[in-house]
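> Sharing a structure below in structure tokens format, with a few things to ask.
The values are calculated or read from the model by the stated rules, or taken from the named source; none is laboratory data. Keep in mind it's a predicted model, so treat the numbers as computed, not measured. Every residue, glycine as well, gets a Cβ built from its backbone with ideal geometry; the counts of neighbours run over all protein chains shown. When the accessible area is computed, the model is the full protein with side chains, heavy atoms only, and any ligands, DNA or RNA have been set aside. Shrake-Rupley method; radii C 1.70, N 1.55, O 1.52, S 1.80 Å.
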Amino acid sequence: MAYVISDECIACGACIDECPVDAISEGDIYSIDPELCTDCGSCVEVCPTEAISPE
Ligand code: SF4
Ligand code: SF4
């Protein structure tokens, strides 16, 4: 399992510094590498648009 970023993402960048395993990549919509994500949930709390959720 891994967290995923939906098209609600506004590319604010808040989540990327929260990830302890650098699983989040920048883009028009940010993305999470499911191979790296440990489901810690740290990124979810900082997202202003609630774009991040467990898949
Ligand atoms: Fe990184 Fe944790 Fe978010 Fe997964 S849930 S992308 S490990 S901060
Ligand atoms: Fe996108 Fe939310 Fe991450 Fe901001 S915190 S870049 S809106 S997923």
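> Within the chain, what whole-number % of the accessible surface is contributed by carbon and sulfur, with the 1.4 Å probe and all protein chains included in the calculation? The partial results should precede the final answer.
Working: 1570 of 3540 Å².
It is 44 percent, rounded to a whole number.
> What is the distance, in nm, between label points placed 7 Å from the Cα along the Cα-to-Cβ direction at VAL4 and at GLU55?
A separation of 0.6 nm, rounded to one decimal place.
> If you take the Cα Rg of the chain and divide it by 2.2 N^0.38 Å, with N the number of residues, what do you get? Display every interim value, and only then the final one.
Values: Rg = 9.5 Å, N = 55, 2.2 N^0.38 = 10.1 Å.
So the Cα radius of gyration is 0.94 times the expected 2.2 N^0.38 Å.
> With every protein chain present, what is the per residue accessible area of the chain (1.4 Å probe, Å²)? Please report the intermediate quantities before stating the final value.
Values: 3540 Å² over 55 residues.
Here the per-residue accessible area is 64 Å².
> Go through the cysteines of the chain and tell me which have no other cysteine Cβ under 4.7 Å away.
Within the chain, the cysteines lacking a partner Cβ under 4.7 Å are CYS9, CYS12, CYS19, CYS37, CYS40, CYS47.
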